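K.L.:
This is the structure I have questions about; it appears just below.
The values are calculated or read from the model by the stated rules, or taken from the named source; none is laboratory data. In this text the structure is predicted, and so the values were computed from the model without any measurement. A quick note on method: Cβ atoms are made from the backbone with ideal geometry, for glycine too, and the neighbour counts reach across all protein chains shown.
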Amino acid sequence: MNIEQLIFATTAMIVATAIAIGVAKKLNLGSIVALLLVGMALGPHSPRPLLVGHAEELRAVGEIGVMLLLLVVGLDIQPSRLWSMRRLVVVLGSLQYLLSAAAIVALVALLARSHWQSAIVVGLGLAMSSDAIALPILEERRESGTAEGQATIAVTIFQTFMVIPVLAVIPLLGARTAGTFAIPGLEKTLTVVAAVVGVYFFGRYLLPRALALTARNLGSGAFALIVLAAVLAAGLVMSKAGISMALGAFMIGVLLSTTVFADQVKAAATPTKQILLGLFFIAIGMDIDLRQVAMLGGKLLLYMPLLLAIKFALVFGLALAFGFNARRAMLAGLLLAPFDEIAYVIFASARANGLLNAESHAIGLTMISFSFAVSPILINLGYKLSDAVRATEAPEHEPALVAVSEPVIVVGYGPVGRAICFMLERAKIAYVVFEVDLERVREASKWKHNVQYGDITDPTMMEAVAIARARAVVVTTSSYEATKRLIGNLRSFHPATRVMTAVPFLAQRDELQRLGAIQVMALVPEGTLSFGRSVLDSLGIPASEAGAIIGSLHANDYAVLRGIGGIETASIDESAAMVSGGSKA
């Protein structure tokens, strides 16, 4: 493929993806279905293929998107929260996987009449649930903190640890004689332990220091590159040890979740994650051959519904046993029913070890790929049903979850921002401050204020911190240009967000109001009037008379004061220069 063909193919793929996602959203089907359809339409099995012979490479690159997805999930699960989920991870995760595997093994042995080794491999592979399907849906709907979201995350965490023993047991099952069995020895065990410990120390101690140096000296562009490099490095170390690369990315996310960089890391990873995840699903769609699906016909129609039903039923029953109500148990079952892409690797290893013949291997791969197309539709239908019954649902006891708060977001930790923190704490209002000056972030620890590193003026950062759900946004940055950029982006991307700020001069206030801000205070006239009131009081002027005087100066939007000196008529550039103090937030 020459450069002109590559540019044409890329342009066609982008246009087709944009159209498909737009149509899918109109039909409320979700973006995953649209991406799979684009892959099917443009891939080598299409009547008029545009991308031929590149599905495997595209999927390999797209796997980085899956890793970044696990990084973002890890950033939302702090170690304390992960520990609070230990019952779901260990008990629900193990029961779901082992019971699903046992049921699938029994079904395959009964219907396909496979020998027991092959049935075990199929069961171990198809019992895995796809995080690439479930987690983007939870993230898109912002429901990772719900009962079904917590259950889905817990099961996927458990299954990432199961990849190692499953891949290790396949050569043992494929051995033909007793002499060929080889239990993994001390060297392999030490390699795995060393990889996990190495990633831990890297994510816990080295990476935060690297991010601090980058933020201080190189800026946000380099920050994003360091994040991507760290994820790839952790994934590579895990892969060399025979562990899932996604586990390395997840560990990095969990370890960074307690640092002041957590939200900025999420913002840095999100754009690349979205692009590469889209590429991953397009590549999966390219692998789906509808002619092969038609040829398999009866076998596919028999096996896939049965296997998906088994996984759904087991999760549904287990979720009820864990105290979920029926609606949430149904959603958990649908989210965990799809087959996992790791089964591609498991089945490839099984075929190489003589456990699957060509036909069984083809059926298995087709079922996995086709489940990617079917499952999002089923999950979206489940959510539609859930939304329909939510209003009539009787209150039921559900597992205790970490509360999802709606804090006030404060922008800037200068003197004004610090005072706002004290006020909010004494009012018992949850808040989080974002500041781009690391020295101020460190200073906040002395007062135990909740201050994070991050440029909240960036629309990607706004999305990463879910600014639309904030109780209010209070802008206290000393940079007028940063304040203007923030309010402009809020009005463009999150117009319903309540924003409050104070600026020195009336000219600045007027400009921000023209941008759409409503609650803006001009400090110079307000401060001057407050000072003037104290002067009148100290001179013995009666309170009623002093109030009338101050009120007359307030009248008609400070009409009298607008004729005085520079405090109200100063140009935007002059007043910005007077108060900006540089670009620090």
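K.L.:
Which of (1) farther than 22 Å from LEU172 by Cα; (2) touching a residue at least 60 places away in the same chain (Cβ under 8 Å) is the odd one out, the single condition TRP83 does not satisfy?
P.N.:
TRP83 satisfies all of (1) farther than 22 Å from LEU172 by Cα; (2) touching a residue at least 60 places away in the same chain (Cβ under 8 Å) except (2).
K.L.:
Here's another thing I want to ask about it. Given the structure, is VAL61 at pLDDT 75 or above, farther than 28 Å from LEU314 by Cβ and surrounded by fewer than 22 Cβ atoms within 10 Å (Cβ to Cβ)? Walk me through it before giving the result.
P.N.:
On the way: at pLDDT 75 or above: yes; farther than 28 Å from LEU314 by Cβ: yes; surrounded by fewer than 22 Cβ atoms within 10 Å (Cβ to Cβ): yes.
So VAL61 fits the description; yes.
K.L.:
Continuing with this model, one more query. Testing GLN78 on (1) in contact with a Leu (Cβ under 9 Å, 6 or more places away or on another chain); (2) closer than 28 Å to VAL199 by Cβ, one condition comes back false. Which one is that?
P.N.:
GLN78 satisfies all of (1) in contact with a Leu (Cβ under 9 Å, 6 or more places away or on another chain); (2) closer than 28 Å to VAL199 by Cβ except (1).
K.L.:
To continue, here is another question. State which residue is farthest from GLN274 (Cα to Cα) when the search covers only segment 140-159 and only residues that are hydroxyl-bearing (Ser, Thr, Tyr) and outside any helix (DSSP H, G or I). Explain how you work it out, then say what you get.
P.N.:
Looking only at segment 140-159, we keep the residues that are hydroxyl-bearing (Ser, Thr, Tyr), and these are 144, 146, 152, 156.
Among the residues that remain, those that are also outside any helix (DSSP H, G or I) are: 144, 146.
Working: SER144: 17, THR146: 23 Å.
That would be THR146.
K.L.:
To continue, here is another question. Going by the conditions given, is ILE77 within 20 Å of the chain's Cα centre (by Cα) and modelled with pLDDT of 80 or more? First the steps, then the outcome.
P.N.:
Working: within 20 Å of the chain's Cα centre (by Cα): yes; modelled with pLDDT of 80 or more: no.
For ILE77, the condition - within 20 Å of the chain's Cα centre (by Cα) and modelled with pLDDT of 80 or more - is not met.
K.L.:
In this structure, is LEU98 modelled with pLDDT of 80 or more, closer than 16 Å to SER375 by Cβ, in a helix (DSSP H, G or I) and out of contact with any Gly (no Cβ under 7 Å at 6 or more places or on another chain)?
P.N.:
Details: modelled with pLDDT of 80 or more: yes; closer than 16 Å to SER375 by Cβ: no; in a helix (DSSP H, G or I): yes; out of contact with any Gly (no Cβ under 7 Å at 6 or more places or on another chain): yes.
No: the conditions fail for LEU98.
K.L.:
Which ones in segment 236-265 are surrounded by fewer than 24 Cβ atoms within 10 Å (Cβ to Cβ) and touching a strand residue (DSSP E or B) at 6+ places or on another chain (Cβ under 9 Å)?
P.N.:
Answer for segment 236-265, where residues must be surrounded by fewer than 24 Cβ atoms within 10 Å (Cβ to Cβ) and touching a strand residue (DSSP E or B) at 6+ places or on another chain (Cβ under 9 Å): THR259, VAL260, ALA262, ASP263.
K.L.:
Go through segment 183-215 and give me each residue that's at pLDDT below 80 and exposed (fewer than 11 other Cβ atoms within 10 Å of the Cβ).
P.N.:
Of everything in segment 183-215, those that are at pLDDT below 80 and exposed (fewer than 11 other Cβ atoms within 10 Å of the Cβ) turn out to be ILE183, GLY185, LEU186, GLU187, THR189.
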